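> Pasting a structure here, questions to come.
The values are calculated or read from the model by the stated rules, or taken from the named source; none is laboratory data. Since the model is a prediction, treat every value here as computed from it, not as a measurement. All Cβ positions, glycine included, derive from the backbone under ideal geometry; neighbour counts span all protein chains shown.
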Amino acid sequence: MLSTLHPFIQYCENPVTPMRITIKTIIAAMLFLLATQGPAFADLTDAAQGLLSKKYSEKIQATEAIADFGDPRSIVLLETLLDGKLYATKSDGRLVSRKKVSDGYQITDILTEEDFGVVKSGDLTKIRINNKMRGLIKDLLGRLTLLNEDPALRLKAANAVFKSRPKEMAVPLRDALAAETEEDVATAMRRALAALNFVHGETTTIKADALLILQEQHGPEVKFLLNGEANKIAALQNPSHEIQQFALSIETALARIEEKLAFMAVIENIFQGLSLGSVLLLAAIGLAITFGVMGVINMAHGEMVMIGAYTTYVVQELCRNFAPDLLVYSLVAAIPAAFIVAGLCGVAIERSIIRFLYGRPLETLLATWGLSLILQQFVRTIFGPTNKEVSSPEWLSGAWEITGGLALTYNRIGIILFAAAVLFMLLLVLRKTSFGLQMRAVTQNRKMAASMGIRTGWVDAMTFGLGSGVAGMAGVALSQIDNVSPNLGQAYIVDSFMVVVFGGVGNLWGTLVAALSLGVTNKFLEPYTGAVLAKIFILIFIILFIQKRPRGLFALKGRAVEN
Amino acid sequence: MVDMINKPNKGPFVSLMTGLPGGGKTFLGILLVAAFFVPLSNTFLPESSPFYVPTYLVSLMGKYVCFALLALSVDLIWGFAGILSLGHGAFFALGGYAMGMYLMRQIGDRGVYGNPLLPDFMVFLNWTELPWYWFGFDIFPFAMLMVILVPGLLAFIFGWFAFRSRVTGVYLSIITQAMTYALLLAFFRNDMGFGGNNGLTDFKDLLGFDLQATGTRLGLFVASLIALALGYLVCCFITQSKLGRVLIAIRDAESRTRFSGYRVEYYKLFVFVVSAILAGIAGALYVPQVGIINPSEFSPANSIEVVIWVAVGGRGTLWGAVLGAFLVNWGKSYFTGSFPDAWLYFLGGLFVFTTLFLPKGIVGTAAVWIEKFKNKQQGSSPMQAPVPVKEEQ
């Protein structure tokens, strides 16, 4: 009967229009054929009952029939049978699985998942299978999943074959590959087939062909597979010339894969580093404005980030309660909201505290630190000390799989883009608006700017508001990758200062270069030193760097900055 | 480098005692009274007496005294040399760790695992031998030497680089903060061999005295008071000397002092190292009284809190820093006990209020009032040591 399956599949190997012949259509035909061949089974339950037979030949017929129904329950039933965990009750011959409990065995109907309560071990008979059946079931199971309607399940089955490489799967896999219409599933199947041929191939030629396919793949599993085979050959007593040649080609393939893996590790590191750098940039860029333009050490900067993150949470909750349809876009709505909330906080702080402390940077540092404690406690009082859940929208979850083994997650990509956008907007504001012009004038020479009629007090308040608002927007991004808790800002304050000081005060490009280079360096150090030590090295490096260039990578030039 | 005071006929100590700045003698007197009263009261008075000092209070006060010494060390550099260190907690913690290592070695085979050589946490990490930097810490004089040497050396290296490259003002503050943050991360690592995030604890005895015994606690309290008094005298000695005058000049106009021919960096380096050593001693006395030292002592927040003690008490007044440390820590004990949620509001408010309305701190502001009062009575103003109002950026 098995042999009768193949013509149907081969029939659709080159269909005029790509179509899938599902297993059910095959089964419909099968049932017709079966009717003339032996005991036909009306439905799955009926077929399952066939397993109770004492004769193995009848059991085999039942097993095949079960597979032919192509029901998801068939897979469960066959897997249980294969594992030797299928039992029948002695009283009424139901097929059950059992689970040990304190006073016997809890039994569940294998098909209906109905509970039958607890029975003694003696009330059950195990359904025995022999080796022939075992092989058959494995074969059938592979077919069932490889030919399943769900492409995801087929992909999973192909990858499972690639990992376990059972010899008997070669034929069903080839059949399934022929019927496959989805490109990525077909690729996975080809890879699995190549792995099968590579391991079980009868001649060296088959193996060598398989190797050609495999070496185009990358990923640690392929490397592992090739290594295993190379070791096997190395252990041979007197390898023939042919085999030695084969071993050599394995070596070259391995070298190629190694190279690819190393290259991908570099790409991955750069990406991770850029994304960490973008986080640093977002956290530091507001500080670059307040510190750079006004010389204000704002220790409450981290709290502005935290306020931004909490604004995101509030916007999300508002959406959830009043406009559930818009929930997916709550993150977008949170960006201007966070900017406004944090910006207003910034203006309020500047007008109420900081303006009295100009020219006394150390006092400003202390006052803003005190402020940060108050803000933290305030948020803790309102929202509670526990982390708040800000969910990732659908369009930010998942990953962009570039090639096998290299996947970039969307939320990391999103943060990189967001950081770039924020930097761009900020540059526009600074370069192209009259407010930006006034701000730069105040940076370069406050007294002169005041003499030219610029309201420096107003510029100060707006600048501080802008810096705080940008910090708030950073909070929106950080809510996606970090815990939204009252301590959120604290974690970033030292890092932000390091970035600003390293890049040079009052220079956005410096901040950009500093953030990205620190991020990438950190990620490249991590594999060798571990995350904590990498961070320590970076801190020590910055401490030493400041000794050499006390005003950072890109220092502002001119008399104005020499105070 | 340390110039003696310009009073040739008297020994330095006598001239120091007679030349103590305003309130200095009263301050030392209070310390002396406390050193006698507290042990006597705890030992001889009945518990019902209103003057009875219970043992837990002795330990609490001992802790405050250590904090006061730490505040004093910060005031020495911030109040007199204009160096705002946001990493002084690091020196305090290093001193504490040196003492903690000695106390760990004293446990011997009384630990949970009963290993005579290795502390419990090393046995737990499956270490087989003592790391080299733990050698010698079973010897008390060596451990005490390390209490001074380790913070001193770190301050020397750090200050050498920082002051020579003229890193000043907020930049210095930020990199001191980075220093303590780096140490915080480093000490959190188990591989460092300092007990990871649990730190060092479960101490048994110090020089053979049981740490839980009341007598030991009283002894530690008195030792802390003595250290504070000596630290105060050292700070007075430095600030009253010609060196101290140069430091004040550096604080108020660093470039001008440099142009006058002084090697500014050496003066700063000296006072920075002295201050770090004082902080280290404070840490060493703190650890046996609280019974634990862990990496959280390195956290930047702790170091900033020390600065606010000094700011509240009054920058550049020395005993004002001590007063500030006592007041803020008493407030902390009170608030965290009675209104735990209000403490951070209070502390944060204190930072803002002090910087906005009390830039000279309690002692500095009081001094200004007294001055005004005297001026009204006498109509003339005697010369006073300048009180910092504005520092170089």
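> So which of A:G84, A:G93 ends up being touching a Leu at 6+ places or on another chain (Cβ under 8 Å) and part of a loop (DSSP other than H, G, I, E, B)?
A:G93
> Any residue in the range B:302-326 that is more than 14 Å from B:V352 (Cα to Cα) sitting within a Cβ distance under 6 Å of a residue that is charged (D, E, K, R) and outside any helix (DSSP H, G or I)? List the pairs, counting only those 6 or more apart or interchain.
B:G314/B:K360
> Still on this model: Restricting to the range B:275-302, and then to whatever is aliphatic (A, V, I, L, M) and surrounded by fewer than 20 Cβ atoms within 10 Å (Cβ to Cβ), can you tell me which residue is farthest from B:G79 (Cα to Cα)?
B:I292
> Now a separate question. Which one of these does A:F198 not meet: (1) buried (at least 16 other Cβ atoms within 10 Å of the Cβ); (2) among the aromatic types (F, W, Y); (3) out of contact with any helix residue (DSSP H, G or I) (no Cβ under 6 Å at 6 or more places or on another chain)?
Among (1) buried (at least 16 other Cβ atoms within 10 Å of the Cβ); (2) among the aromatic types (F, W, Y); (3) out of contact with any helix residue (DSSP H, G or I) (no Cβ under 6 Å at 6 or more places or on another chain), the lone unmet condition for A:F198 is (3).
> Which of (1) crowded, with 16+ Cβ neighbours inside 10 Å; (2) touching a residue at least 12 places away in the same chain (Cβ under 8 Å); (3) hydrophobic (A, V, I, L, M, F, W, C) does A:A449 not meet, given it meets every other one?
(2)
> Looking for whichever is surrounded by 20 or more Cβ atoms within 10 Å (Cβ to Cβ), in a helix (DSSP H, G or I) and away from every other protein chain (no Cβ under 12 Å) here; the options are B:L350, B:L323. Which one fits?
On the way: B:L350 fails: away from every other protein chain (no Cβ under 12 Å).
The match here is B:L323.
> Here's another thing I want to ask about it. Which count do you get for residues in the range A:69-107 that are surrounded by fewer than 18 Cβ atoms within 10 Å (Cβ to Cβ), of a type in the set (S, T, Y) and touching a residue at least 12 places away in the same chain (Cβ under 8 Å)?
Total satisfying the criteria: 3.
> Counting just the residues of the range B:281-291 that are under 19 Å from B:V150 (Cβ atoms) and among the hydrophobic types (A, V, I, L, M, F, W, C), which one comes out nearest to the other protein chains (Cβ to nearest Cβ)? Walk me through how you get there before you give the answer.
Filtering the range B:281-291 down to residues under 19 Å from B:V150 (Cβ atoms) leaves B:281-288.
Filter once more, so that each one left must be among the hydrophobic types (A, V, I, L, M, F, W, C): B:281-282, B:284-285, B:287.
Numbers: B:I281: 25, B:A282: 21, B:A284: 25, B:L285: 27, B:V287: 24 Å.
Restricting to residues being under 19 Å from B:V150 (Cβ atoms) and among the hydrophobic types (A, V, I, L, M, F, W, C), the top hit is B:A282.
> Right, here's the next one. Which residue is farthest from the chain's Cα centre (by Cα), if the candidates are limited to the range A:367-403 and must be free of Cβ contacts under 8 Å to residues at least 40 places away in the same chain and crowded, with 21+ Cβ neighbours inside 10 Å?
A:A367
> Let me ask something additional. Just checking, which of B:G169, B:G199, B:G193 is within 11 Å of chain A (Cβ to nearest Cβ), on the phi > 0 side of the Ramachandran plot and not β-branched (V, I, T)?
Selected residue: B:G169, the only one of B:G169, B:G199, B:G193 that is within 11 Å of chain A (Cβ to nearest Cβ), on the phi > 0 side of the Ramachandran plot and not β-branched (V, I, T).
> Within the range A:181-193, does at least one residue satisfy the condition of being buried (at least 22 other Cβ atoms within 10 Å of the Cβ) and more than 24 Å from A:V76 (Cβ to Cβ)?
yes
> Would you please list the contacts, defined by Cβ atoms under 7 Å and residues six or more apart or on different chains, that run from a residue in the range A:454-483 that is in contact (Cβ under 8 Å) with a residue 12 or more places away in the chain to a residue that is surrounded by fewer than 19 Cβ atoms within 10 Å (Cβ to Cβ) and not in a helix (DSSP H, G or I)?
Correct list of pairs: A:Q480/A:S392; A:N483/A:N387.
> Yes or no: B:F142 within 10 Å of chain A (Cβ to nearest Cβ), surrounded by fewer than 18 Cβ atoms within 10 Å (Cβ to Cβ) and under 24 Å from the mean Cα position of the chain (by Cα)?
No; evaluated as a whole, the condition is false for this residue.
> Now, a different point. Taking B:I83 and the conditions (1) of a type outside the set (S, T, N, Q); (2) more than 14 Å from chain A (Cβ to nearest Cβ); (3) over 16 Å from B:F203 (Cα atoms), which numbered condition does it fall short on, given that it satisfies the others?
(2)
> In the range B:172-187, what residues are more than 7 Å from chain A (Cβ to nearest Cβ) and either over 15 Å from A:I542 (Cα atoms) or polar (S, T, N, Q) (or both)?
Listed by number, the residues that qualify are B:T176, B:T180, B:L184, B:F187.
> Then there's this: Name the single residue, out of those in the range B:328-347 being away from chain A (no Cβ under 12 Å) and touching a residue at least 24 places away in the same chain (Cβ under 8 Å), that is farthest from A:P361 (Cα to Cα).
B:S333
> Just to be sure, is A:Q480 closer than 16 Å to A:S275 by Cβ and assigned by TED's automatic domain parsing to the domain that holds A:R380?
On the way: closer than 16 Å to A:S275 by Cβ: yes; assigned by TED's automatic domain parsing to the domain that holds A:R380: yes.
When the stated conditions are applied, A:Q480 passes them.
> Something else now. Identify, by number, the condition in (1) buried (at least 22 other Cβ atoms within 10 Å of the Cβ); (2) touching a residue at least 60 places away in the same chain (Cβ under 8 Å); (3) not hydroxyl-bearing (S, T, Y) that A:L141 doesn't meet.
(1)
> Now for a separate question. Does the range B:117-126 contain any residue that is polar (S, T, N, Q) and either surrounded by fewer than 16 Cβ atoms within 10 Å (Cβ to Cβ) or in contact with a strand residue (DSSP E or B) (Cβ under 9 Å, 6 or more places away or on another chain) (or both)?
Initially, the range B:117-126 is screened for residues polar (S, T, N, Q), giving B:126.
Right, trim to either surrounded by fewer than 16 Cβ atoms within 10 Å (Cβ to Cβ) or in contact with a strand residue (DSSP E or B) (Cβ under 9 Å, 6 or more places away or on another chain) (or both) and you get B:126.
Checked the range B:117-126: at least one residue is polar (S, T, N, Q) and either surrounded by fewer than 16 Cβ atoms within 10 Å (Cβ to Cβ) or in contact with a strand residue (DSSP E or B) (Cβ under 9 Å, 6 or more places away or on another chain) (or both).
> For the range B:293-314, what are the residues that are outside any helix (DSSP H, G or I) and more than 10 Å from chain A (Cβ to nearest Cβ)?
Answer for the range B:293-314, where residues must be outside any helix (DSSP H, G or I) and more than 10 Å from chain A (Cβ to nearest Cβ): B:I293, B:N294, B:G314.
> Just checking, which of B:I148, B:I107 is of a type in the set (V, I, T), assigned to a helix (DSSP H, G or I), at pLDDT below 85 and buried (at least 17 other Cβ atoms within 10 Å of the Cβ)?
Step by step, each of B:I148, B:I107 is checked, and only B:I107 is of a type in the set (V, I, T), assigned to a helix (DSSP H, G or I), at pLDDT below 85 and buried (at least 17 other Cβ atoms within 10 Å of the Cβ).
> Moving to a separate point now. Looking only at the range A:522-551, count every residue that is more than 8 Å from chain B (Cβ to nearest Cβ) and assigned to a helix (DSSP H, G or I) and tell me the total.
Residues flagged as more than 8 Å from chain B (Cβ to nearest Cβ) and assigned to a helix (DSSP H, G or I) within the range A:522-551 amount to 14.
> Something else about it: Please indicate, with yes or no, whether at least one residue in the range A:473-486 is modelled with pLDDT of 85 or more and either in contact with an Asp or Glu (Cβ under 6 Å, 6 or more places away or on another chain) or assigned to a loop (DSSP other than H, G, I, E, B) (or both).
Yes, that holds for at least one residue.
> Quick check: is even one residue across the range A:321-341 buried (at least 19 other Cβ atoms within 10 Å of the Cβ), within 13 Å of chain B (Cβ to nearest Cβ) and closer than 17 Å to A:F418 by Cβ?
Scanning the range A:321-341 turns up no residue that is buried (at least 19 other Cβ atoms within 10 Å of the Cβ), within 13 Å of chain B (Cβ to nearest Cβ) and closer than 17 Å to A:F418 by Cβ.
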